[in-house]
1. With unit charges on the beta carbon (Lys/Arg positive, Asp/Glu negative), name the residue among Ala39, Tyr81, Ala55 whose Cα is farthest towards the positive pole of the charge dipole of the range 37-100.
2. Can you give the Rg/Rh ratio of the range 47-99, where Rg is from the C-alpha atoms and Rh is the Kirkwood radius?
3. Counting only Cα atoms, I'd like the Rg/Rh figure for the chain, Kirkwood definition for Rh.
4. Please report, in debye to the nearest 20, how large the charge dipole of the range 145-206 is about its Cα centre when each Lys and Arg carries +1 at its beta carbon and each Asp and Glu carries -1 there.
5. Give a quick list of trypsin sites (Lys or Arg not before Pro) in the range 147-204 that DSSP marks as loop, anything other than H, G, I, E or B, with at most 16 other Cβ atoms within 10 Å.
6. Determine the percent antiparallel among the DSSP beta bridges restricted to the chain, to the nearest 5.
7. Within 10 Å, Cβ to Cβ, of Thr109, how many net charges do the neighbouring residues add up to if Lys/Arg are +1 and Asp/Glu are -1?
8. Could you pull the Cα extents of the range 72-191 along its three principal axes, largest to smallest, in whole Å?
Amino acid sequence: MPSSVAPPASHAYNAPMALIDDIRAYEPFNEQEAVDRLAILRALVDDQHVFDRSAPAHMACSIWTVDPDKQRTLMVYHNLYDSWSWIGGHADGERDLARVALRELEEETGVAGARLVPCGPGGIFSLEMLTVDGHEKRGRYVGSHLHLNVTYLAVASPEEPLRVKPDENSGVRWVDLDDVCTVSTEPWIADRIYRKLIEKLAGIAL
């Protein structure tokens, strides 16, 4: 299996080399991450629009936020997916995905005091390529597409006040890690992603 993808010397657009280097150095946790890591690298190298949601496959980020005891994670009831879900969003042109992830956390939950955990190159906790089915958003149809997702790990206090973001979610709460895959109604995400994140978390010191 190839271990790296390097941008060609003739690559013209302003590729985010730090992110490419971080993902190249990232050690996949399982086969899903190994396969998706290569796809993300190829898109970063080849598509100058990869940070814009106009691209069929575009960059996004998630933030897996846990309490200091690693017993609970913060989840939102996502209106689009009709499920308790992790937190994240589109890059929308922003190259600093860690900053985007923290901003999404505050916007979607009200939590402003979280800190990122340095758990991999560039702080990357995990990598995923996620499918998004076509759907209506604010009265307009959004075609099916792919999220090239970089996930970060954060720790936050359960004492921080929570609030919903009505245009995106209708609930915010801390969920016991043992219950995460039960409250999710997205079988693939629960089995392939949430279980992976919980397993990875066990080996990380906060």
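The values are calculated or read from the model by the stated rules, or taken from the named source; none is laboratory data. What you see is a predicted model; the values in this text were computed from it and never measured. Here the Cβ is made from the backbone with ideal geometry for all residues, glycine too, and neighbour counts use every protein chain on show. To get the accessible areas, we keep the full protein, side chains included, count just its heavy atoms, and leave off ligands, DNA and RNA. Shrake-Rupley method; radii C 1.70, N 1.55, O 1.52, S 1.80 Å.
1. Ala39
2. My calculation of the ratio gives 1.08.
3. On the way: Rg = 16.5 Å, Rh = 17.4 Å.
Here the Rg-to-Rh quotient is 0.95.
4. Working: 7 positive and 10 negative charges, 41 e Å.
Dipole about the Cα centre, nearest 20: 200 debye.
5. On the way: sites: Arg163, Arg173, Arg192, Arg195, Lys196, Lys200; in loops: Arg163.
Passing sites in the range 147-204 are Arg163.
6. Working: 27 of 37 bridges.
Close to 75 percent.
7. Values: positive: Arg163, Lys165, Arg173; negative: Glu104, Glu106, Glu107, Glu108, Glu160.
For residues surrounding Thr109, the net value is -2.
8. Extents along the principal axes: 37, 29, 27 Å.
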